[in-house]
Amino acid sequence: MQQQGISRDSEVEPKRHRDSPPPSPKPAKILRTGPKVLVAVEYIGTRFSGSQQQPNCRTVVGVLEEAFQKFIGQPVSIFCSSRTDAGVHALSNVCHVDVERISKKKPGEVLLPHEPGVVRRAVNHFLRKNEGDITVVDVRCIPSDFHARFKAQERTYFYRLLSGPEPLSVFDKERAWHVPEELDILAMKKACDVLMGCHDFSSFRAAGCQANSPIRTLDELHVCEVLPSLSFPSIKEREQMGSLRDSLPPLPKQCQTGADASMAGCGAEGDQEFGARKRHRCYIITARARSFLYHQVRLLVGVLKSVGTGQLTISDVKILDAKTVTAAAPMAPACGLYLGSVKYDLP
């Protein structure tokens, strides 16, 4: 059964097939592995039942393997750096795949590998015919012993919250967590300081987590307010930006300092034009670490949101000491979670 939530980055390498090949005068053909490429993909997770292959379910790996098979003409196996579950999006998830080219005219003859640009264009051609909610953004050749999951040095996740009483725009549904209440960003920042660093995160570890240890080091846990996406400038804003000509305006002050002053032109009642939607305030929570426990980021966001609404105090964040997930606040929904990037030391 598919579990929904954040990626599970187990530190235990999957079992390998250990059956020895029979003696052969040409062992090279039996042991041969094809050229390997690293592929970065972005996707909207709404219509995926997670990233990992599952029977009778539409998954990221399943769709990618189908596109690659149509491209190179034979089945492939794809291994993701991070396992994202149903409803979780990715700005950049990374996977590796063997793309050995076998000659159609001379079966068994191995051809030179495709150029990365050719791989990207060809695979995207087939992906566009499959819902169009996943795209290859980068391709790179890597050594045959490279593993996208176990070579990853760092993962960064973003969580998007929209605060305000108005219902979400159709453009934001299933892309963010809607919090009707106002959020105290200063209190949330203080809670981030408590949770950052190396801890026993048993209180932020969902049932079913397969990691050997609950000890994790959060290198970054940060919250800031940003301009909402699809934020088209009003007449007043365009006039204010006139002196800047075509340059982008600076980020609002509270994104840098946490100040609680309102954003200029963000939909105040007196300035609202007929037919214009009142904007929400948009908050981004960033979590960065080498690896995460199952549902860890969503549980952390749930606590930070509860601190922001006043349901929890800073001292309550000491639920770290409880070492049980039942002590945590309700988990944040999957729709606001984005795998932002995966860092490697690439050759």
I'm trying to understand the selection: among the residues of the range 88-107, which are open to solvent by less than 50 Å² (accessible area, probe 1.4 Å) and under 22 Å from PHE150 (Cβ atoms)?
VAL88, ALA90, SER92, ASN93, VAL94, CYS95, HIS96, VAL97, VAL99, GLU100
Residue in the range 89-107 that is nearest to the chain's Cα centre (by Cα), counting only those that are over 30 Å from CYS335 (Cβ atoms) and in contact (Cβ under 8 Å) with a residue 60 or more places away in the chain:
ASP98
For the structure I just gave you, tell me whether ILE314 is hydrophobic (A, V, I, L, M, F, W, C), open to solvent by 20 Å² or more (accessible area, probe 1.4 Å) and either in contact with a helix residue (DSSP H, G or I) (Cβ under 9 Å, 6 or more places away or on another chain) or closer than 30 Å to PRO143 by Cα (or both).
yes
Of all residues in the range 144-186 being assigned to a strand (DSSP E or B) and open to solvent by 20 Å² or more (accessible area, probe 1.4 Å), the one that is nearest to SER81 (Cα to Cα)
GLU154
Odd one out for PHE126, checked against (1) closer than 17 Å to PHE71 by Cα; (2) in a strand (DSSP E or B); (3) aromatic (Phe, Trp, Tyr)
(2)
For the range 294-309, which residues satisfy the criterion of being outside any helix (DSSP H, G or I) and either among the charged types (D, E, K, R) or at pLDDT 95 or above (or both)?
THR309
Residue by residue through the range 91-123, note down the ones that are over 15 Å from VAL39 (Cα atoms) and in a strand (DSSP E or B).
ARG101, ILE102, VAL110, LEU111
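The values are calculated or read from the model by the stated rules, or taken from the named source; none is laboratory data. Everything numeric in this text was worked out from a predicted model, so none of it was measured. With ideal geometry, Cβ positions are generated from the backbone for all residues, glycine too; neighbour counts draw on all protein chains shown. Remember, those area values only see protein heavy atoms, side chains included, never the ligands or the DNA or RNA. Shrake-Rupley method; radii C 1.70, N 1.55, O 1.52, S 1.80 Å.
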